[in-house]
Every structure is written in C-alpha cells, then in structure tokens.
1. Assuming R0 = 25 Å, can you tell me the calculated FRET efficiency for the pair A:SER34 and B:LEU53, based on Cβ-Cβ distance, to the nearest 0.05?
2. Which value results when the Cα radius of gyration for chain A is divided by 2.2 N^0.38 Å?
3. Given contacts defined as C-alpha pairs under 8 Å and at least six residues apart, what's the relative contact order of the stretch A:90-328, whole-number percent?
4. Can you sort A:ARG319, B:ARG52, B:ARG119 so the residue with the fewest Cβ neighbours within 10 Å comes first?
5. So which residue, out of B:THR109, B:THR65, B:THR197, gets the largest mean-square fluctuation from a GNM of chain B using Cα contacts under 10 Å as springs?
6. Roughly how crowded by other chains is peptide B:107-118, in terms of the mean Cβ count from those chains within 10 Å of each of its Cβ atoms?
7. Once you've got the GNM for chain A with C-alpha springs shorter than 10 Å, pick whichever of A:SER18, A:SER27, A:SER234 has the biggest mean-square fluctuation.
8. Sort A:ASP8, B:ASP161 so the one with the fewest other Cβ atoms within 10 Å of its own Cβ comes first.
Amino acid sequence: MAANSESDAAIWVREHASEWQALAADSAAAAQRSEATVEEALRTLRAYRILARHLATVRELMPGGVLTEILERTCAQLHTAVNRPPRLTRARWARLFRDDIPAAAASVRVLTLWLAALLVASAMAGWWLINTYPQLISLIASPKMIEGVEHGHLWTYQILSIAPPAMLSARIIENNVMVVLAAFCFGILFGLGAFYIVAFNGLSIGGLLAFTHRHGLGLELLKFTLAHGFVELSVICLAAAAGTALGESVIRPQCATRAESLRRRAAELAPLLLACALLLLGSGLIEGFISPHPAITLAARLAIGLGYWALMLLWLSGRLRIRATRARSARMKLPLLRR
Amino acid sequence: MAEETLSVRSLTGVEMTLPIAGPGTRCYGFLTDWMIRLLGALIWLLIASLLRLAPGIQGRSAAHTVWVGGIVLALVTYFLYQPAAEILTKGRTPGLRTAEARIVTLEGTTPGIGALVIRNVFRLIDCLPVFYVVGLVTCMLTPRRVRLGDIVAGTVMVRTDAGAGPALDRLGVQARRTRLPVEALALVHDLLERWSTLEETRRIELARSLLTELDAEFAARGTGLDGAALRVRLEELLGGEQRV
C-alpha cells in the first residue's frame, strides 16, 4: 500500500514538476507588482488556482513533506498578493464622502448629543469653579497666560505676534488632530477616555471664559473663538462619540467575540476620522488666519463660524448627498423627457 | 499560548498558513522605518539651513520663513511617514521589507486603507507611556503577537517568504532531472536548501547518511569526501547544479 502510494506520488510529481517553474515566476511577479494588466491578472489567478490544487493533492500524497511545505509557502505568498482591496477610484471616494461618512456620523448621533451635553455641563462647572475659586485657574492655564490676562492681554494675540499665521495654523491643526485622535482612541477604555477628554476640554473652556470675564476680556476671547469654535468643539464631540461607540462595542459586543465586534465598529467608524481631520484642517486655517485678525468684525466672525458649522451639519447629516442624488436623477431623467 | 502561524483559507477552499512575526521582527522593522523617517526629517532641516545661507534669501523675515517651512516639512515627514508608507506600500514599508515581514488582514489578504489608518491611529495608545511599552506588552501577551492597533484594525504582522518561489522553481527542475524517488528527492533538496544554515559537522553527517542510502557508488568507495565534495555529489544526484 505504501509503495503504491509512493509511486503515485512520484508519477504525480514528475507530471507536474514542469509547471512549477512558470508558477514560481508568476508568483514572484505577482508579489512585486502594484498593478497588472487583465492578462497578467488572469495568469496570476490561474497560477493561484493551480498552486492551491497542487497543494491539496500533495497534502494527500506526501503529508508533511518538503514539497508540501514549499507549495504551501508559495501559495500563501500568492494568496496575499492576489487578495487586495480594490483601488480607490473617483467613484469610491465620492461614495465615501457622500454615503459612508454621513452613515458613520448617523450611527453615533445620539452619543454625540450626549457628549455635547457633557461638554456644556462641564463648561458650566468650569465657569462656576473659577468664578468661585479664582486661584484654581493655575490648574488649567499656564503662568504666562495668567500673567498676560492679568495685564489685560489675551494669550491668543501674543501667539500671533510670535508665529506667522501659516505656522500657527499648522500647530493648531496638529494639536487639534491629536486631541481628536486621543478622544477616539481612549474611547476604547469603555468610553471613559473619551468622557475624560470632553469633560476636561469643557472644564478648561468654562474656566478660561470665567477667568477672562473677571478681567474684562471675556468678550475678546469669545470674539476670538467664534469663527472656528463651533466646528472645533463639534468635531471633538464627534470623535469622542466615535471613541465611546468603540468602547460600547467592547462592553456590549454585537458579534461572536468582543475583538470581532471592536474590529467591525472600528471599520464602520474609520471614515469619520477622515471627516474629523478635514473639518479640523478648515477650522485650523480659520483659527490661524481669521480668528486673530483684529480687523474682522464680530458679525463677520459669527457668520463664518455659523456658516462653516452649517456646512458641516449638512454634510454629516447626509443632506448634501440627497441634493446631489436629486440633481443626478434629474439629469438622468432629462433625455427620457425629451424623447 | 502564542500561535506560530495564521491559518487562512484560499479562494479555492484550501487551507494554508502564514508564519506570524514575533516582537523581535516587529521591533527590527519599526526601528528601520524610524531611522528612515528621522533621516528624512533631518534632511529637510539641513536643506532649510542651507537655503537660509543662500545668496537669494535676504532679510530676517525670508530666512525665518524658510526655516519655518523646513520645520513644518520635517514634522510632516516624521509624523506622517509611517501611515503614508504603510498605505502606499500596502503594508510592506521599507523597514518591514528589511525585516522580511508584512501586514496582512486576519484572512491573510492585503489590508485596505481604513485598516492601515486605524492601526496607525492606535499608536497613540500603543506608544504609552514611553517607547511603545503598551504595544510591546500587548504583543507579547496576545496569541497572534499583535499590538492594540492591530487588534482594532484586524491586522497581523506575518513573515514574508521571498525564497518560496525560487525553492519551488528549483524543486521542479530537480524533479524532472533526477532519478531519485520523490521522498529522497525531497530530503536531498531540503538538506541543500538548509546547507548554509547547518553546522559543518552536522551537514557532513547528514550528507554521508543520505549518500550511503541513495548512492551505491558512494557507499562502496567509502567516506573520504569533504563538505564541498559531498555537496557536489548531492547536487549530481539531483541531476544538476543547485542554484541558491
């Protein structure tokens, strides 16, 4: 029986050995290629199928042998090379912005509102705290900031006099992106990390407003934050909500395992991170170029801030998508009407 | 208990395994990439320094702008190198290539942009408190040797095997040329593949033992051949030169 099996194996190997040279070459080429023609792709798929078939046969004929190991190694390499996600075409990008991002935002809408409420509540608490115990301002503001405000100057304008607007914008964007990413990542700690970041930001905002108000600079600070603040704070709440949703997926898994549930939720929420980064880019530019500019009036700042915020809400709520779809369907119907 | 391999199912239903990279391979790949991005950032600073001295750049303001531009580019290079490299190379950054590793999904496929972005975002936690302690500890404790970012993104780092294709090629050529039985062919091939990694005494011992069984002429003449001659003899048995 054993001798018969060995002779079967020998016959099979000698019959198919001539194919391996070409298959090995196809396998090596596929691993190195970043794009392929239709012909190359078909050849690679053919090689993949043949190698998998050979692997299955060799496992039967020579289990645990060197040939099995080599075929398995080659096949595994080709498996990774063959199974690639599709390239991001213009249509895919359009779908990401039109459908995926609003869908991700909609899935965390309630959480976002709760976190916005937490932000407001902690801002009020910060206001009360600093109004009642002004000495506690040293917990949330640096000595330089405190000294500046006590002398009647906001730190925001001091920053502008040191750094040019472009540099300032870059630093602000970097800082804001880090806060947003931290709110997202630390949400994995059962949402507590996201709560902490939102509450701390709210406390700081309320405290600083109270402190500047006590020194007659409250309106100045409000004027400075008006143009960029709406979007910036909304994005922090949104990222924290996404983080909390990650934490929730661990606490209350929707899949067979917690890890699987976490992976699914992270994949669903990933487009939201892109939206947050883009929105912060805009608000960072506003904060660097418009907010510190003394010539821009309060009304103009309010208009910019509310306009940008409204645009964000329209995008994230999917309203822009509906309008685009309507426009497209109107264009599609036009030739039919003409007929 | 750590898993040595990642089992994946091919499109045709055949199961196969990918060797999982350990913390050592990960560190090697990361440090190589870190050196590349540090070098990139330093090059921007060097260019900015040299431009400041250029005759065309006059005045304190222009020199300051050039310097600020250099710093911004250096920071962008340093902080965005890792995600950008992973996305552009589809999980095979230069550092990982050097370490002979790559990032794949749990199904053994090439990861998408979303997964690569997520695994990079979670570096924020993995690098805490210093020097990637959280990531390293997670990597040592999890069965698939993954850090937190990989758990969330659903990715695994596996060792690549550039030698598999050429080995199959050689085996195919040898199988056609040799008269040896298939099992013997596989043994000789394996010994020759591992020749350089084996100790001198060990490989001589294995070669003699194989030749005594497979080569009647060698068995009759005795065992006076040295390592190099034994290797040539084995290659002759396979019907040609072993190209390694």
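What follows is calculated from the coordinates using simple rules that are stated; it is not laboratory data. Bear in mind that the values here come from a model prediction, so they are computed numbers and not experimental data. Cβ placement follows ideal geometry from the backbone for every residue including glycine, while neighbour counts extend to all protein chains displayed.
1. 0.05
2. Working it through for chain A, the quotient is 1.47.
3. Here the relative contact order equals 31 percent.
4. A:ARG319, B:ARG52, B:ARG119
5. Result for chain B, Cα springs under 10 Å: B:THR197 fluctuates most.
6. Partner Cβ neighbours, averaged per residue: 6.
7. Answer for the Gaussian network model of chain A: A:SER18.
8. A:ASP8, B:ASP161
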